[in-house]
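The values are calculated or read from the model by the stated rules, or taken from the named source; none is laboratory data. Bear in mind the structure is a predicted one, so any value in this text is a computation, not a measurement. Reconstructed Cβ throughout: ideal geometry from the backbone, glycine too, with neighbour counts over all protein chains shown.
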Amino acid sequence: MKQAIKLYTTIRKNQFIMASLLGIFLIVFAVGSNLLFRNIPNQETDYELGPVLMVVWLIVTVIVLLNDQSRHLDTWLYTQNISRGQLFLTRVILMVVGPIIAASVIDICLTAMLEYHNISRVLMVDITAAANLFFISSVFIGIFIVIGPNWMKAAGTVFTFGAGIMVGPIFNNVLGSRVNTDTRILMVTIIAALVIFIAGYYCAINISDDTLDEAVRIRYLKWPVVIFVFVSTLTVTMSNPNRNTVGTFLAGFILPLICAAVTFGFIFKPTLKVTWDK
Amino acid sequence: MTLVIENISKKIQNKPVLDNVSFELKNGEIVGLVGRNGAGKTTLFGTISGKLLPDFGRVGLDDLDYAKTTWLHDQLFYIDMPENWFRYYSPKKIKSILKVSYENFDESWYDSEIKRFGLNNSKRIRNYSKGMRALFTIIASFASRAQYVLLDEPLDGLDVLIRDQVKQLIVSQVTQHNTTILIASHNLVELDTLVDRILLLKDQTIDRTFTIEDNKTIKKYQLAFVGEELPAFLRDSGTIITQTGHVVTIVFNDFSEELGIKLAGPEFKFVEELPISSEDVFRASFAEEAFAWQQELEVES
């Protein structure tokens, strides 16, 4: 594990330096604004540095991971004296858990120094953001591992989060009735993220590099992905309250069917032979 | 230590590419790997190095399972050619990474070779010419001081002078460090001057292992036949390399005493055995395919 962390940090040294500089810039900016506005009456000094830092660093993570694949670095790392599992864990620790914890610690320390009276609220905001971003990262990592080409990873991520944003409120209503406290929601989010990470780890150690050009790299997940696209799009279209007649109800199936057909085409690459020969 | 490849099978997109491939590589050997385009040479390299996971079979270092003993992976160097991560970094940065990756990385040798070949240390590899990129990859491979080095078309794109230097590098690497080198190449003439033996990949498996010196069954002849038509048995039992009038150069894949007696018969004005090369063995091994193409061409014309 030590070797995996050492090797990956050596390779990605410049990106880590860049991310740190970006972080320092944001910290200076946030602290500067806080000091500048704190004496102005009725001025909100709530800068929410922690979540901002987490988001910025996780965007760097996404770019770095996509870059690793396009530069064939993944391919080479599989041949090195680190296992696939160690590489997966290194990335999760350095690129997901590390930034989330670092951002929270920085935010809490700065709040303790500058606005001690706010510390419990900032702590809660950071924990909530950390749990949510940890979950979002787990979904991205899952997509990153299961989907092959980079542009499909990007499209898959946009689709999944887009559908998530639209379907989210429906699930919140359902979940809200069962899980009635913020703490429980946080626990469910963290456990769901951990489950996705464990599934990602299992896939990462069993995926061979020859599937890199395939839309879905795991055979057993090809149909589930098509079904997921269909169901999530259908949930979005059917959540529209105007679908109360047979015509509008059936029209709600058009977009899900198109999306599922396109996904099916990319995953299974069916070849249609058009010929006049009998 | 011996690198053992045992019954490796691998399908890519449900198509068998490797089927029960088995061979061994001993210390200090230079071994060639030849096969037709798309025969599975690069897949085999990928599977040995751990980049690809085999569907069946084992890659081992003596009795150890190579895939499971990741701490031993700095004993083998392989990098995809020509698309690899080297392109995006300078030799200086690559050195810093390889130093972490390979315990015995020879920094001073790396620096001296970079200097000797006049490679720019701070320029990204993608800005090098094709030949220089290939040369750099070989320098990086050998500087790793890995016991096993897999080279995929290492002489491709190199001019004659650099090619000689690279061949010298390969030989000195083996003599000084007892490194084992597996070279995949289509340049059989160059391979003949370098390797101890050649593995021929055909029909998804190692069809034969041969050395030119020890070869007994493959023979090459130049002969002149008497009649108007080429004797039919020649086409059936050999691969015709050239034919000018009545003079034919032919390679027999499985030369037998019976064939020798036929060649000594009255159908031929003269018969002379020629020295054999790897190209001849390659031609003989793919005689059926070459014959089928020849037939197709004759039908078309």
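Restricting the stretch B:98-125 to residues that are of a type in the set (D, E, K, R) and closer than 15 Å to B:Ile138 by Cα, which is nearest to the other protein chains (Cβ to nearest Cβ)? Give the derivation first.
Residues of the stretch B:98-125 that are of a type in the set (D, E, K, R), as a first pass: B:99, B:103, B:106-107, B:111, B:113, B:115-116, B:123-124.
Next, only the ones that are closer than 15 Å to B:Ile138 by Cα stay: B:106-107, B:111, B:113, B:115-116.
Details: B:Asp106: 17, B:Glu107: 14, B:Asp111: 18, B:Glu113: 21, B:Lys115: 23, B:Arg116: 25 Å.
Ranking the qualifying residues of the stretch B:98-125, first place goes to B:Glu107.
For (1) more than 21 Å from A:Val92 (Cβ to Cβ); (2) among the β-branched types (Val, Ile, Thr); (3) more than 13 Å from chain B (Cβ to nearest Cβ), each residue gets a yes or a no:
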{"site": "A:Phe197", "(1), (2), (3)": "no, no, yes"}
{"site": "A:Val225", "(1), (2), (3)": "yes, yes, yes"}
{"site": "A:Phe249", "(1), (2), (3)": "yes, no, yes"}
{"site": "A:Phe253", "(1), (2), (3)": "yes, no, yes"}
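Can you pull out the residues in the stretch A:63-94 that are facing chain B (nearest Cβ under 7 Å) and touching a residue at least 60 places away in the same chain (Cβ under 8 Å)? Let's see the steps before the verdict.
The first filter runs over the stretch A:63-94 and keeps only residues facing chain B (nearest Cβ under 7 Å), leaving A:71-73, A:75-76, A:78-83.
A:Leu73, A:Thr75, A:Tyr78, A:Gln80, A:Asn81, A:Ile82, A:Ser83 - these are the residues of the stretch A:63-94 that are facing chain B (nearest Cβ under 7 Å) and touching a residue at least 60 places away in the same chain (Cβ under 8 Å).
Being of a type in the set (Gly, Ala, Ser) and assigned to a helix (DSSP H, G or I) is the filter here; which residues of the stretch B:121-135 pass it?
Of the stretch B:121-135, the ones of a type in the set (Gly, Ala, Ser) are B:122, B:129, B:131, B:134.
Once the filter is applied, which keeps residues that are of a type in the set (Gly, Ala, Ser) and assigned to a helix (DSSP H, G or I), the stretch B:121-135 yields B:Gly131, B:Ala134.
Please note which helices (runs of 4 or more DSSP H) are completely contained in the stretch A:169-278 and include at least 1 residues that are in contact with a Cys (Cβ under 9 Å, 6 or more places away or on another chain) and modelled with pLDDT of 85 or more. If you could, list the steps in order and put the result at the bottom.
Values: elements: A:182-206, A:222-238, A:246-251, A:254-268.
Result: A:222-238.
Residues checked against (1) touching a His at 6+ places or on another chain (Cβ under 7 Å); (2) free of Cβ contacts under 8 Å to residues at least 12 places away in the same chain; (3) under 16 Å from A:Gly148 (Cα atoms); (4) surrounded by 15 or more Cβ atoms within 10 Å (Cβ to Cβ):
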position: A:Ala199; (1), (2), (3), (4): no, no, no, yes
position: A:Ser208; (1), (2), (3), (4): no, yes, yes, yes
position: A:Val216; (1), (2), (3), (4): no, no, yes, yes
position: A:Arg219; (1), (2), (3), (4): no, yes, yes, no
position: A:Val226; (1), (2), (3), (4): no, no, yes, yes
position: A:Val229; (1), (2), (3), (4): no, no, no, yes
position: A:Ser232; (1), (2), (3), (4): no, no, no, yes
position: A:Thr237; (1), (2), (3), (4): no, no, no, yes
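Please work out which one of (1) of a type in the set (A, V, I, L, M, F, W, C); (2) within 30 Å of B:Asp280 (Cα to Cα); (3) surrounded by 21 or more Cβ atoms within 10 Å (Cβ to Cβ) is the condition B:Ala143 fails and give its number.
It fails just one condition, (2).
If you scan the stretch B:252-276, which residues turn out to be farther than 10 Å from B:Ile218 by Cβ, in contact (Cβ under 8 Å) with a residue 12 or more places away in the chain and surrounded by 14 or more Cβ atoms within 10 Å (Cβ to Cβ)?
The initial filter retains those residues of the stretch B:252-276 that are farther than 10 Å from B:Ile218 by Cβ, namely B:256-275.
Now narrow it down to the ones that are in contact (Cβ under 8 Å) with a residue 12 or more places away in the chain: B:259, B:262-263, B:266-275.
Those that are farther than 10 Å from B:Ile218 by Cβ, in contact (Cβ under 8 Å) with a residue 12 or more places away in the chain and surrounded by 14 or more Cβ atoms within 10 Å (Cβ to Cβ): B:Leu259, B:Lys262, B:Leu263, B:Glu267, B:Phe268, B:Val271, B:Leu274.
Where in the stretch B:6-97 are there strands (runs of 3 or more DSSP E), lying wholly inside it, with at least 2 residues that are within 13 Å of another protein chain (Cβ to nearest Cβ), closer than 19 Å to B:Ala143 by Cα and in contact (Cβ under 8 Å) with a residue 40 or more places away in the chain? Explain how you work it out, then say what you get.
Values: elements: B:15-25, B:30-35, B:56-61, B:76-78.
Because the criterion is at least 2 residues that are within 13 Å of another protein chain (Cβ to nearest Cβ), closer than 19 Å to B:Ala143 by Cα and in contact (Cβ under 8 Å) with a residue 40 or more places away in the chain, the strands (runs of 3 or more DSSP E) in the stretch B:6-97 that meet it are B:76-78.
Considering the stretch A:113-132 alone, what residues qualify as being hydroxyl-bearing (Ser, Thr, Tyr) and either outside any helix (DSSP H, G or I) or more than 23 Å from A:Gly32 (Cα to Cα) (or both)? Walk me through it before giving the result.
Going through the stretch A:113-132, the residues hydroxyl-bearing (Ser, Thr, Tyr) turn out to be A:116, A:120, A:128.
Listed by number, the list holds a single entry, A:Thr128.
Please name all residue pairs, on different chains or six or more residues apart, with Cβ atoms under 8 Å, provided the first residue is in the stretch A:1-19 and is within 18 Å of A:Phe88 (Cα to Cα) and the second residue is charged (D, E, K, R).
Matching pairs, first to second residue: A:Tyr8/A:Arg91.
Can you name every residue in the stretch A:129-151 that is within 11 Å of A:Ile100 (Cα to Cα) and not hydrophobic (A, V, I, L, M, F, W, C)? Steps first, please.
Of the residues in the stretch A:129-151, the ones within 11 Å of A:Ile100 (Cα to Cα) are A:129-134, A:137.
If the condition is that a residue be within 11 Å of A:Ile100 (Cα to Cα) and not hydrophobic (A, V, I, L, M, F, W, C), then A:Asn132, A:Ser137 are the ones that fit.
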